[in-house]
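Engineer: Dumping the structure here so I can ask a few things about it.
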Amino acid sequence: MADKIDFSTWWHEDPGAIGFTHAMKMELLHSEQSPFQKIEIYDHKDFGRVLILDDLIQASEADEFIYHEMAVHVPVLGRKRENLRALIVGGGDGGLLRELLVHGNIEKVVMAEIDRRVIELSNEYLAINGDYDDPRVELICDDAARYVIEALDRKEQFDLIFMDITEPVGPSASLFTEEFLDNLVAILKDDGVCIDSDSVFIGKDRIRFLQEASSEEDHSLLEIMRSGRFFPHLDVYRSIVPMYPGAEFGFFLYSKDGYNYSNPYAEHDGKHYNAAVHKGAFALPNWWKNELGFDKKNQ
């Protein structure tokens, strides 16, 4: 008879409002409280190094490439454009930056991450980051809400805006406001796209999104964005990211012009991404369509 496993010694993710948690047997490599949040790095024998912020999983060496490749290559390759300017809101682990820099039509990437220690520790322990010394990169270690206001004052605009932030508490709280979204709309070009993402859960009555379950506000960012009050057009694609709660993961494309990003104009072979995966990611199950208010006609 196999020995009984003592799960009390395992790391448990904070279940929060969803009443659902990860539990993993891991070794703690580093822990500190930055001015903004608790940062922990663990090591798992199969998943490798794991980044934890305020008791919630952010990335693991084993599967981070799935999220980062799908977040970047779909909007970049889904529309042919030159001299792309991208803004990453958050993104401290550096994975989005890494994937953006593989594209020759990227002219500039601004990464606005409030917590420099997340960048430093991710570089040291996970090493999944892109090249911060690349001349196309501008790293801003400050509140992204402040940066967006300054960009608006300069009349600076972006083709791509990536919302790669933690749940709507702590250092991300200033980004879950209507004022921030007003400014975000203003710095996105008319043919640009804003990319957000979230874990998806299947409930007995409806599907739920982690942002909705975690929000301390009356309305989550996702709910506000889906209302159409800021960006009139929404498209969705999906993937499976095993390390995130629920594993089912949605990517949300918010735009002013409603462009269809489902057909890549060029080939790219990543560790996960390819043209067929790109196209297939836009095929939504009916339970997704029903929740999002999509019908077969506009899919």
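Engineer: Here are some residues: Val74, Val89. Which one is within 18 Å of Arg238 (Cβ to Cβ), of a type in the set (Val, Ile, Thr) and in contact (Cβ under 8 Å) with a residue 60 or more places away in the chain?
Structural biologist: Testing whether each residue is within 18 Å of Arg238 (Cβ to Cβ), of a type in the set (Val, Ile, Thr) and in contact (Cβ under 8 Å) with a residue 60 or more places away in the chain leaves just Val74.
Engineer: Please count how many residues of segment 27-48 are at pLDDT 95 or above, open to solvent by less than 70 Å² (accessible area, probe 1.4 Å) and not hydroxyl-bearing (Ser, Thr, Tyr).
Structural biologist: Matching residues across segment 27-48 total 10.
Engineer: In addition: If Pro168 passes every condition in (1) modelled with pLDDT under 95; (2) not in a loop (DSSP other than H, G, I, E, B) but one, which one does it miss?
Structural biologist: Pro168 satisfies all of (1) modelled with pLDDT under 95; (2) not in a loop (DSSP other than H, G, I, E, B) except (2).
One line per residue, one yes/no per condition, for (1) hydroxyl-bearing (Ser, Thr, Tyr); (2) crowded, with 17+ Cβ neighbours inside 10 Å; (3) farther than 28 Å from Ile52 by Cβ:
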| site | (1), (2), (3) |
| --- | --- |
| Pro242 | no, no, no |
| Lys256 | no, yes, yes |
| Tyr259 | yes, no, yes |
| Tyr273 | yes, yes, no |
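Engineer: Right, next: Please find, among Asp115, Asp164, the residue that is touching a strand residue (DSSP E or B) at 6+ places or on another chain (Cβ under 9 Å), acidic (Asp, Glu), in contact (Cβ under 8 Å) with a residue 40 or more places away in the chain and open to solvent by 10 Å² or more (accessible area, probe 1.4 Å).
Structural biologist: Sole residue among the options that is touching a strand residue (DSSP E or B) at 6+ places or on another chain (Cβ under 9 Å), acidic (Asp, Glu), in contact (Cβ under 8 Å) with a residue 40 or more places away in the chain and open to solvent by 10 Å² or more (accessible area, probe 1.4 Å): Asp164.
Engineer: Under 9 Å between Cβ atoms, at least 6 apart or on separate chains: pull out the pairs that start in segment 127-148 with a residue that is closer than 14 Å to Gly94 by Cβ and free of Cβ contacts under 8 Å to residues at least 24 places away in the same chain and end on any residue that is assigned to a loop (DSSP other than H, G, I, E, B) and open to solvent by less than 40 Å² (accessible area, probe 1.4 Å).
Structural biologist: Short answer, once both residue conditions are applied: Ala127/Gly94.
The values are calculated or read from the model by the stated rules, or taken from the named source; none is laboratory data. Just so it is clear, the model here is predicted, and its values are computed rather than measured. Using ideal geometry, Cβ is built from the backbone for each residue, glycine included, and neighbour counts are taken over all protein chains shown. Keep in mind that these areas ignore ligands, DNA and RNA; they rest on the heavy atoms of the full protein, side chains included. Shrake-Rupley method; radii C 1.70, N 1.55, O 1.52, S 1.80 Å.
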